[in-house]
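Scroll down for the structure; my scribbles are underneath it.
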Ligand code: PGA
């Protein structure tokens, strides 16, 4: 079956609003010439969302957020709720990125709570999984990813599955310039499909949209995106460079 491709840019904590708007302008200009056949999403910092929503009116780019609270409102200083994101036109949200897991104590359990909250409000989660270098070198990478997948997805009901995107991002490949080979990434994506298939049936496993992330750039995108189980990319550093991001988008089409 043919799964839709998605190229998502994760800007992390980069650019001020003014700088971000300039980058967005360049991207929109490039995209207007390119007519991409794949879905494109952008996750700028929270502070940019309101201005980006205005700029993206009439554009096919989907606005995404980098994180969300598992609570809807209340005394949670510094948190941002799904209701606030929804009002700003956000349609997807990255959940449990490895930087959130590593620096802010996020876990599979907190990811599950966040995924439940966003799905209730019709926002689509991009749930990040991926092993550390130590896990990979000790041969535990499949185990670790299996645990990240089962402890979250197995706790959801079947009809939620088609609304979820997984991003497989090996921690050792994020921001390091070291990419998983297309074969390594594809092998893990196929494994994730099997794990999901075991619980929900092979059809749902086969339908699951799985992105690869970790040092994707203009030079390596085409070979990664050509793999049968890779349905797109979650792009960090390279998504801040319009020319490079446009090349990645083109490689996916
Ligand atoms: P990178 O980041 O492309 O800069 O490695 C990817 C990510 O963290 O989503």
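Taken together, the values in this text are just the output of simple stated rules run on the coordinates, not laboratory data. Keep in mind that this is a model prediction, so the values were computed, not measured. Positions of Cβ are backbone-derived with ideal geometry, glycine not excepted, and every protein chain shown enters the neighbour counts.
Work out the FRET efficiency for residue 35 and residue 77 from their Cβ-Cβ distance, taking R0 = 45 Å, and round it to the nearest 0.05.
Taking R0 as 45 Å, the efficiency between residue 35 and residue 77 is 0.55.
Could you let me know the centre-to-centre spacing of segment 81-106 and segment 174-218, using Cα atoms, in angstrom?
21
Compute the Rg to Rh ratio over segment 1-58 from the alpha carbon atoms, using the Kirkwood formula for Rh, and round to two decimal places.
Here the Rg-to-Rh quotient is 1.00.
Provide Rg over Rh for segment 129-192; use the alpha carbon set for both Rg and the Kirkwood Rh (inverse mean inverse pair distance).
1.00
What is the extension gain from residue 199 to residue 218, computed as 0.36 nm multiplied by their sequence separation minus the C-alpha to C-alpha distance, in nm to one decimal?
Additional length available on full extension: 3.2 nm.
May I ask you to derive the FRET efficiency for residue 150 and residue 102 from their Cβ-Cβ distance with R0 = 25 Å, giving the value to the nearest 0.05?
0.75
If neighbour count is taken as other Cβ atoms inside 10 Å, put 23, 150, 16, 77 in order from fewest to most.
So the ranking, lowest neighbour count to highest, is 77, 16, 150, 23.
Consider a paramagnetic label point 7 Å from the Cα of residue 159 along Cα→Cβ; state which residues of segment 115-143 have an amide N under 12 Å from it.
none
In segment 25-46, whose amide N lies under 13 Å from the spot 7 Å out along Cα-to-Cβ of residue 13? List them in ranges.
Inside the label zone: 45-46.
Quick one: Kirkwood hydrodynamic radius for the chain, alpha-carbon pairs, angstrom, one decimal?
By the Kirkwood definition, the hydrodynamic radius is 18.1 Å.
What is the ratio of the Cα radius of gyration of segment 1-139 to 2.2 N^0.38 Å, with N the residue count, to two decimals?
1.12
What are the semi-axes of the equivalent ellipsoid for segment 79-206, taken as the square roots of 5 times the Cα gyration tensor eigenvalues, largest first, in whole Å?
Working through the eigenvalues yields semi-axes of 24, 19, 13 Å.
With N residues in segment 200-253, what two-decimal value do you get for its Cα radius of gyration over 2.2 N^0.38 Å?
Compactness ratio reported: 1.24.
Which of 115, 164 has the fewest other C-beta atoms within 10 Å, and how do the rest follow up to the most?
In order of increasing Cβ crowding within 10 Å: 164, 115.
When a footprinting reagent is the concern and you count Cβ atoms within 10 Å, what order do 13, 188 take, fewest first?
By the 10 Å Cβ count, ascending: 13, 188.
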